[in-house]
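Notes for the one structure printed next.
Every number in this text was worked out from the coordinates using simple rules, so none of it is lab data. Note that the coordinates shown come from a computational prediction; the quantities given were computed from them, not determined experimentally. Because the Cβ atoms are built from the backbone with ideal geometry, glycine has one as well, and the counts that use them run over all protein chains shown.
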Ligand SMILES: C[S@@+](CC[C@H](N)C(=O)[O-])C[C@H]1O[C@@H](n2cnc3c(N)ncnc32)[C@H](O)[C@@H]1O
């Protein structure tokens with residue numbers, strides 16, 4: 001998140017998606033508009049400012065946004081790791097705050113791997129991997145039809161026909177991709193631990209999993225790892241933790257973490 005505060009001008013934080021700044025502001029709309037205009041003066045990249053008008057909610061993890069200043073438009077064009085994504089952030093989840101994680105995984109993956117991205121959104125993990133690794137097939141499962149529509153557009157724009165969009169619920173479609181993946185990405189942090197069965201279904205006999213989890217910060221990695229390893233052992237897999245880190249602070253007491261691990265069928 002960028003912040004106007006850094007320059008000591010005001011106390012408003014914002015996310016920049018291309019030319020659109022997204023702000024959070026508690027207080028009257030008139031004040032929000034003043035803060036937005038100030039932001040646009042401070043950061044000339046921001047041509048449009050949208051105001052967060054509700055929490056991220058529902059199965060599709062979307063959020064209400066309302067226009068507050070600048071050019072009146074909702075469609076954004078966002079670039080990351082050499083790829084361009086076009087979408088309306090009211091209709092699909094997207095977080096630029098995961099860009100570091102996408103870069104990190106781009107460095108770990110190898111050409112020729114078969115990858116499955118569960119909960120793929122508009123496809124940033126999938127399309128960036130497919131762009132870098134032309135010899136890889138990247139299956140991207142997402143149940144929000146709007147996100148899949150934007151993902152298909154971005155596959156065309158970025159010339160990544162090796163990213164394969166799949167519309168559907170991971171719980172229902174996992175069986176169609178049995179033993180297909182060398183690498184699995186699970187970016188649904190509130191409930192990814194409910195999809196460990198599906199990860200084993202999709203994994204080849206050995207595979208690497210990157211799982212994102214939100215929870216109470218204290219002991220989050222240790223507690224999550226206990227669940228993952230107990231589940232794997234119950235299903236006759238060996239597991240090895242490769243890496244873990246805090247991705248971001250979610251609230252004063254909660255964090256989002258990532259754990260990378262390898263599974264091997266016994
Ligand atoms: C936190 S977002 C991650 C989006 C994307 N990976 C990114 O980095 O921008 C989670 C996404 O998972 C989708 N989703 C939630 N439950 C799902 C399920 N059971 N099967 C498929 N997609 C699901 C939501 O619609 C949402 O787009």
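Summary of computed values
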read-out: Angle between the chain longest axis and helix 220-234 axis [Cα atoms, degrees, rounded to 10]; value: 30
read-out: Per-residue Cβ neighbour rank within 10 angstrom, fewest leading, 30, 103; value: 30, 103
read-out: Residues residue 205 and residue 159, FRET efficiency given R0 of 51 Å [Cβ-Cβ distance, rounded to 0.05]; value: 0.95
read-out: Kirkwood-based shape ratio for segment 95-173, expressed as Rg/Rh from alpha carbons; value: 0.94
read-out: Separation in nanometres of the label points that stand 7 Å from Cα toward Cβ, at residue 31 and residue 57; value: 2.3
read-out: Cα-based shape type of segment 18-89, given that a ≥ b ≥ c are square roots of the gyration tensor eigenvalues and the cut on a/c is 1.5; value: oblate
read-out: Per-q log10 I(q)/I(0), segment 3-133, q = 0.11 Å⁻¹ (Debye; single scatterer per alpha-carbon; no solvent); value: -0.44
read-out: Extended-chain gain in nm, criterion 0.36 nm per residue less alpha-carbon gap, residue 172 and residue 264; value: 30.8 nm
read-out: 222 nm mean residue ellipticity, helices alone, for the chain (DSSP H n ≥ 4; -39,500 (n - 2.57); rounded to 500); value: -8000 deg cm²/dmol
read-out: Length gained when the stretch residue 227-residue 194 is fully extended (0.36 nm per residue, less Cα-Cα span); value: 10.8 nm
read-out: Extension gain, residue 86 back to residue 45 (0.36 nm per residue minus Cα-Cα distance, nm); value: 13.1 nm
read-out: Distance between modelled label sites at residue 249 and residue 149, nm, 7 Å Cα→Cβ extension; value: 3.9
read-out: Cβ-derived FRET efficiency at R0 30 Å, residue 64 paired with residue 111, nearest 0.05; value: 0.15
read-out: Cα point-scatterer Debye curve for segment 97-265, base-10 log of I(q)/I(0) at q = 0.16, 0.20 Å⁻¹; value: -0.90, -1.39
read-out: 156, 48 arranged by Cβ crowding within 10 Å, fewest neighbours leading; value: 156, 48
